[in-house]
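A.B. asks: I have a structure I would like to understand better, so I am pasting it below and will then ask my questions one at a time.
The values are calculated or read from the model by the stated rules, or taken from the named source; none is laboratory data. This structure is a prediction, so every number in the text was calculated from the model and none was measured. Here the Cβ positions follow ideal geometry from the backbone for every residue, glycine too, while neighbour counts run over all protein chains shown.
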Amino acid sequence: MKRLIFPVLSLLLIGCGNDPIPKPKAYLRLEYPTANYKKTISPLPFSFDKNELAEPISKVKTLGTTKGIEVKYSQLKATIYLNYKPVENGNLDSLLRDAQNRTQKHTMKADEISQNLFEDSENSVYGMLYEVGGDAASQSQFYVTDSTNHFLSGSLYFYAKPNYDSIYPASEYLKKDIKHIMESVRWNQ
């Protein structure tokens, strides 16, 4: 019996210690390839530089006077929707108002919406980039125009329920692509 008590007491004393602590929740560390941009001639009256990670642009979708193309990122489960409308008959104010209202619809879920003015007077490209923080459906929206003939708006959407913490890395990567699209837009004359 003495032989049995000593090993059991030893195990109990060694086994007693700090309470176990559960592992904290963690997110995957996501790394994306360096963006390589290539000039893309769109089927609409403008060209822009597109990240080679995105799929080739397949077709134009038409709804009234609006024509749209999609820049799809299957690997990131996201799409940047580009919508083009001609500026005609003094409709620039309504186009600008529509683009701003589209962004403001996200205020119910957004923590913040910041605006970044864009101006490239050499190439007649003027616009605004909206960065939406929080669990909103779209993390980035923008528009560019030459103020006389062309108006292009764009929105970033993911194929998932918006969870800002989870999509943040992909959102930041694609925000850089959106900025590059804005900087590289060239209107066809």
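A.B. asks: Considering only the stretch 9-26, I want to know if a residue exists there that is modelled with pLDDT under 90, over 16 Å from the mean Cα position of the chain (by Cα), within 30 Å of Gly134 (Cβ to Cβ) and not in a loop (DSSP other than H, G, I, E, B).
C.D. replies: Initial filter on the stretch 9-26 (modelled with pLDDT under 90): 9-26.
Within this subset, residues satisfying the condition of being over 16 Å from the mean Cα position of the chain (by Cα) are 9-26.
Okay, now just the ones that are also within 30 Å of Gly134 (Cβ to Cβ), so 22-26.
The next check asks that each one be not in a loop (DSSP other than H, G, I, E, B); those that pass are none.
No; the residues of the stretch 9-26 include none that is modelled with pLDDT under 90, over 16 Å from the mean Cα position of the chain (by Cα), within 30 Å of Gly134 (Cβ to Cβ) and not in a loop (DSSP other than H, G, I, E, B).
A.B. asks: Please go through (1) in contact with a helix residue (DSSP H, G or I) (Cβ under 7 Å, 6 or more places away or on another chain); (2) over 24 Å from Ser42 (Cα atoms) for Pro162 and return the number of the only condition it doesn't satisfy.
C.D. replies: It is condition (1) that Pro162 fails.
A.B. asks: Looking at Asp120, Asp177, which one is modelled with pLDDT of 90 or more, in contact with a Leu (Cβ under 9 Å, 6 or more places away or on another chain) and among the acidic types (Asp, Glu)?
C.D. replies: Working: Asp120 fails: in contact with a Leu (Cβ under 9 Å, 6 or more places away or on another chain).
None of the others qualify; the one that does is Asp177.
Condition check ((1) surrounded by fewer than 20 Cβ atoms within 10 Å (Cβ to Cβ); (2) in contact with a Gly (Cβ under 9 Å, 6 or more places away or on another chain); (3) among the basic types (Lys, Arg)) across all residues:
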position	(1), (2), (3)
Gln115	yes, no, no
Gln139	no, yes, no
His150	no, no, no
Gly154	no, no, no
Asn163	yes, no, no
Met182	no, yes, no
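A.B. asks: Provide a single number: the residues in the stretch 152-171 that are outside any strand (DSSP E or B) and not charged (D, E, K, R).
C.D. replies: Keep residues of the stretch 152-171 that are outside any strand (DSSP E or B), which gives 159-171.
Retained after the next criterion (residues that are not charged (D, E, K, R)): 159-160, 162-164, 166-171.
Matching residues across the stretch 152-171 total 11.
A.B. asks: In the stretch 48-90, which residues are polar (S, T, N, Q) and either assigned to a strand (DSSP E or B) or buried (at least 18 other Cβ atoms within 10 Å of the Cβ) (or both)? Spell out how you get there, then give the answer.
C.D. replies: First pass over the stretch 48-90, keeping only residues polar (S, T, N, Q): 51, 58, 62, 65-66, 74-75, 79, 83, 89.
Of everything in the stretch 48-90, those that are polar (S, T, N, Q) and either assigned to a strand (DSSP E or B) or buried (at least 18 other Cβ atoms within 10 Å of the Cβ) (or both) turn out to be Asn51, Thr62, Thr66, Thr79, Asn83.
A.B. asks: Same structure again: On the given criteria, is Asp177 over 21 Å from Pro43 (Cα atoms), acidic (Asp, Glu) and either buried (at least 19 other Cβ atoms within 10 Å of the Cβ) or in contact with an Asp or Glu (Cβ under 8 Å, 6 or more places away or on another chain) (or both)? Let's see the steps before the verdict.
C.D. replies: Working: over 21 Å from Pro43 (Cα atoms): no; acidic (Asp, Glu): yes; either buried (at least 19 other Cβ atoms within 10 Å of the Cβ) or in contact with an Asp or Glu (Cβ under 8 Å, 6 or more places away or on another chain) (or both): yes.
In short, no.
A.B. asks: So, in the stretch 126-172, how many residues would count as being within 21 Å of Phe48 (Cα to Cα), more than 11 Å from the chain's Cα centre (by Cα) and not β-branched (Val, Ile, Thr)?
C.D. replies: Qualifying residue count, the stretch 126-172: 12.
A.B. asks: If you check Leu174 against the conditions, is it within 14 Å of Ala35 (Cβ to Cβ), outside any loop (DSSP other than H, G, I, E, B), in contact with a helix residue (DSSP H, G or I) (Cβ under 9 Å, 6 or more places away or on another chain) and not β-branched (Val, Ile, Thr)?
C.D. replies: It is true that Leu174 is within 14 Å of Ala35 (Cβ to Cβ), outside any loop (DSSP other than H, G, I, E, B), in contact with a helix residue (DSSP H, G or I) (Cβ under 9 Å, 6 or more places away or on another chain) and not β-branched (Val, Ile, Thr).
A.B. asks: Residues in the stretch 134-143: is at least one over 28 Å from Glu31 (Cβ atoms) and not charged (D, E, K, R)? Write out each step before concluding.
C.D. replies: First, pick out the residues of the stretch 134-143 that are over 28 Å from Glu31 (Cβ atoms): 143.
Applying the additional criterion that residues be not charged (D, E, K, R) yields 143.
Yes.
A.B. asks: Looking for something assigned to a strand (DSSP E or B) and either touching a residue at least 40 places away in the same chain (Cβ under 8 Å) or closer than 21 Å to Lys50 by Cβ (or both) - is there at least one such residue anywhere in the stretch 97-114? Show your work before the answer.
C.D. replies: Taking the stretch 97-114 and keeping what is assigned to a strand (DSSP E or B), we get 110-114.
Still in the list and also either touching a residue at least 40 places away in the same chain (Cβ under 8 Å) or closer than 21 Å to Lys50 by Cβ (or both): 111.
Within the stretch 97-114, one or more residues are assigned to a strand (DSSP E or B) and either touching a residue at least 40 places away in the same chain (Cβ under 8 Å) or closer than 21 Å to Lys50 by Cβ (or both).
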